[in-house]
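Data first, discussion second: the structure below is written as structure tokens.
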Amino acid sequence: KNTDLGIHYANYPAVNGRCPDGRPNAGYCVPPGGAAINNDAIAGNAINPVSYKGGRAELLYKIDADWNILLTQMYQTMDAEGVFYQQPQASDGAALKPLQVTLFNDARDLDRFENTAWTVHGKIGDLRAVYTGGYLVRHVDQVGDYTNYARGVYGDYYQCYGPGSGGETGLASSCFSPRAIWHEKERDENVQHELRLSTPGGWRLRGIAGVFFEDNRLFDQTDWGFKSLPVCTASASPGAPGNSGCLSNVGTLPGTSVEKPGVQAGNVAFFQDTRRDVRQLAFFFSLDYDLIPKVLTIAVGTRHFRFDNSLRGDVSSGFGCFDQGNPPGGCLVGANNLDARHLQNSQSGDKSRVNVSWHVTPAAMLYFTWSQGFRPGGFNLTGGSQFIYGPAQSTAGGQRIAYKQFVLPNSYRPDSLTNEEMGWKSEWLDRRLRWDGALYEENWNDVQVGLFDPGLLGNLTVNTNGQNFRIRGLETSVRAKITRALSVQGTASWNHSVQTNSPALLDGNPSSSNFGKPITQACDSSGTHCTPVVNPFGPVGGPSANSPPLQFSLRMRYRWMRAGYAWFIQADATHTGHSFTQAGANPSLAVGGAVNTTVLRFENPAYSTYDASMGVAHEAWSAKLFAQNLGDSHASVYTNTGQFILAETVLRPRVIGVSFGYRF
């Protein structure tokens, strides 16, 4: 479209503010005669079938009365086609109906794994010993449509050229096919072991102690195939035959830890071929002591952990590969050698838990828990790169120079969570009524967030540590047996999350006059034409992402017997309040569908669903008729622009079915 953010790469200016097609523009137009594509060959209904196939076998060997070994082998394959979201608008901006999408390539996800696990139970004196281990290998092969990348900031660099491209003045403005895909192959290898010893449960002082080890290797090879310009075929000077109006194929840097070395396929404009290794070693223990047997108990525990992380491989872009010939190893202008950056670190610490429980009566208990949690940190693929020019400043020689202000961090730290919770569990009316609940406050600090703004921070998501949040909430559940036949169950939760600080992007360039201070302006390379930079972390007081303030559910079930048959009928209702897909000050959707970032902030509206079922059972067999999402709600549970077009992941539509079972 004329409004595509990168259409200026075709260098076909509007004349007197108008384009040949008469449609809106921002100063440039789509050149006449460009390639057109359609999806006639793949258009259809019910495009997203999923099939699962698998099997599991277990073998238990009893060594003696105290020791046994359980071996488990499991295989599973999932074959999914299509997508599971809806698009409110098509690629051309036309409105679509619910559960419709506009795609120009088939999508699929083939996910298979095999898992071998073993468990040894035994006794060492009075102590119970348990050793578990496992080995998992998982392969994922995923393909998705990426045609709407042409709407983005840089997409047309790979699909259009015009006078002045690569220094060539004689090129006529042209745009080639916008058809694009992404293709990911992933292999996950995981080995883990755990050994724990525990005392008998009847002791007044009880304990559990153990050690855990995990070794995880993740191989990720992803190609973004959105390059449609002709491939350079000759190693010659720019503008020469075979090296004019073309994009060279990208290659991998020699010596990098990649699965697919060498020159990549002709349509690949960007790829990552990486290996991440994570090793974890942890020691843990927990002690329970009955201050007053069967009345008052205190429990304390801690876990000492160490993570060793590393990231290797190659991340390369075709940006800058225009008219770069046909070198034997491919174009390496945008190559990023992760091995050479030595991305490895260790993270260690202790996380603990304290719990006090008081059985006020045999049917009522109060408790208090203080606990800690965390997520490990990681690395950025383009860490160390510099972006965001600041205003021009004078040097000692009297020159005016603009310095880049922001340095992408190589890594991001763990975030942490501290939880304080007070709750109760109780039974009333001769155990016909059960009422449980909890009040809690959680402090979530140094939250890991992803930032993506191609025009400001580069063409990859930047992971960093951001805001702090405080979450206060209440959750409760009630189960009541109204009569011998009728039972009711209800749950509800209320959460109030608040951002408690407001960090900012800081100037990390010592040569900049703004060094160490928040970045407030982004300028061009000359240090002029500056625009304000909105703090992506947002102001104090905002909610955290995906945090509905209110959720509740209600279930009623009626059971009866007739002529030896057990019947039931059941009705369910659930409600989820509104939430936001992102925290902070992430931008909203751009006008006209020109998406310049895949991290936009949307509000998911509140929604309610209703289910119903009825069934009968007799001896070993049973049958059930069920209906889910009776109102056929298409509420979005996650809205995003990850494919450079608005997409809404919706609830599963109304499902009506019958199930049969037989126990043997």
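Does Ala566 qualify as being part of a strand (DSSP E or B), of a type outside the set (Ser, Thr, Tyr), surrounded by 14 or more Cβ atoms within 10 Å (Cβ to Cβ) and in contact (Cβ under 8 Å) with a residue 12 or more places away in the chain? For Ala566, the condition - part of a strand (DSSP E or B), of a type outside the set (Ser, Thr, Tyr), surrounded by 14 or more Cβ atoms within 10 Å (Cβ to Cβ) and in contact (Cβ under 8 Å) with a residue 12 or more places away in the chain - is met.
Selection of region 538-563 for residues being open to solvent by 50 Å² or more (accessible area, probe 1.4 Å), modelled with pLDDT under 95 and within 15 Å of Val637 (Cβ to Cβ) yields only Asn546.
Selection of first residues in region 271-291 that are closer than 25 Å to Arg196 by Cα and of second residues that are open to solvent by less than 30 Å² (accessible area, probe 1.4 Å) and of a type in the set (D, E, K, R), restricted to Cβ pairs under 6 Å at least 6 apart or on distinct chains, gives the following pairs, ordered by first then second residue: Arg279/Asp215. Filtering Asn459, Asn463 for residues that are open to solvent by 40 Å² or more (accessible area, probe 1.4 Å), in a strand (DSSP E or B) and in contact (Cβ under 8 Å) with a residue 40 or more places away in the chain leaves a single hit, Asn463.
Of these, Gly34, Gly22, which one is at pLDDT 90 or above, open to solvent by less than 50 Å² (accessible area, probe 1.4 Å) and part of a loop (DSSP other than H, G, I, E, B)?
Exactly one of Gly34, Gly22 is at pLDDT 90 or above, open to solvent by less than 50 Å² (accessible area, probe 1.4 Å) and part of a loop (DSSP other than H, G, I, E, B), namely Gly22.
Taking the criterion of being open to solvent by 70 Å² or more (accessible area, probe 1.4 Å), assigned to a strand (DSSP E or B) and closer than 16 Å to Tyr131 by Cβ, the only residue of region 63-78 that qualifies is Leu71.
For region 297-317, the criterion of being in a loop (DSSP other than H, G, I, E, B), surrounded by fewer than 19 Cβ atoms within 10 Å (Cβ to Cβ), in contact (Cβ under 8 Å) with a residue 24 or more places away in the chain and of a type outside the set (Asp, Glu) is met by no residue.
Rundown of residues vs (1) acidic (Asp, Glu); (2) touching a helix residue (DSSP H, G or I) at 6+ places or on another chain (Cβ under 8 Å); (3) open to solvent by 50 Å² or more (accessible area, probe 1.4 Å); (4) part of a strand (DSSP E or B), yes/no style:
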| residue | (1), (2), (3), (4) |
| --- | --- |
| Glu184 | yes, no, no, yes |
| His193 | no, no, yes, yes |
| Trp203 | no, no, yes, no |
| Gly207 | no, no, no, yes |
| Val211 | no, no, no, yes |
| Asn216 | no, no, no, yes |
| Phe219 | no, no, no, yes |
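Among the candidates Gly383, Gly330, Gly320, which residue alone is out of contact with any Asp or Glu (no Cβ under 9 Å at 6 or more places or on another chain), open to solvent by less than 50 Å² (accessible area, probe 1.4 Å) and on the phi < 0 side of the Ramachandran plot? None of the others qualify; the one that does is Gly383.
Say whether the condition of being free of Cβ contacts under 8 Å to residues at least 12 places away in the same chain and either open to solvent by 50 Å² or more (accessible area, probe 1.4 Å) or under 21 Å from the mean Cα position of the chain (by Cα) (or both) is met by at least one residue in region 125-134.
First, the residues of region 125-134 that are free of Cβ contacts under 8 Å to residues at least 12 places away in the same chain: 125.
Cutting the leftovers down to either open to solvent by 50 Å² or more (accessible area, probe 1.4 Å) or under 21 Å from the mean Cα position of the chain (by Cα) (or both) gives us 125.
Looking for residues that are free of Cβ contacts under 8 Å to residues at least 12 places away in the same chain and either open to solvent by 50 Å² or more (accessible area, probe 1.4 Å) or under 21 Å from the mean Cα position of the chain (by Cα) (or both), one finds at least one in region 125-134, hence yes.
Taken as a whole, region 102-116 holds at least one residue that is under 24 Å from the mean Cα position of the chain (by Cα), of a type in the set (A, V, I, L, M) and within 20 Å of Leu218 (Cβ to Cβ). So, in region 488-514, of the ones that are open to solvent by less than 50 Å² (accessible area, probe 1.4 Å) and of a type in the set (Val, Ile, Thr), which residue ends up nearest to Asn468 (Cα to Cα)? My answer is Val498. Do you know which of the residues in region 231-245 that are of a type in the set (A, V, I, L, M, F, W, C) and either free of Cβ contacts under 8 Å to residues at least 60 places away in the same chain or under 19 Å from Phe271 (Cβ atoms) (or both) is surrounded by the most Cβ atoms within 10 Å (Cβ to Cβ)? The qualifying residue surrounded by the most Cβ atoms within 10 Å (Cβ to Cβ) is Cys232.
Looking at region 515-525, can you tell me whether even one residue there is among the polar types (S, T, N, Q), open to solvent by less than 70 Å² (accessible area, probe 1.4 Å) and out of contact with any helix residue (DSSP H, G or I) (no Cβ under 8 Å at 6 or more places or on another chain)?
Our first condition is that a residue be among the polar types (S, T, N, Q); within region 515-525, this holds for 520-521, 525.
Checking which are open to solvent by less than 70 Å² (accessible area, probe 1.4 Å) leaves us with none.
No, the conditions are met nowhere in region 515-525.
The values are calculated or read from the model by the stated rules, or taken from the named source; none is laboratory data. Just so you know, these numbers come straight off a predicted model, no measurement behind them. A quick note on method: Cβ atoms are made from the backbone with ideal geometry, for glycine too, and the neighbour counts reach across all protein chains shown. Surface accessibility is based on the protein's heavy atoms, side chains included, excluding ligands, DNA and RNA. Shrake-Rupley method; radii C 1.70, N 1.55, O 1.52, S 1.80 Å.
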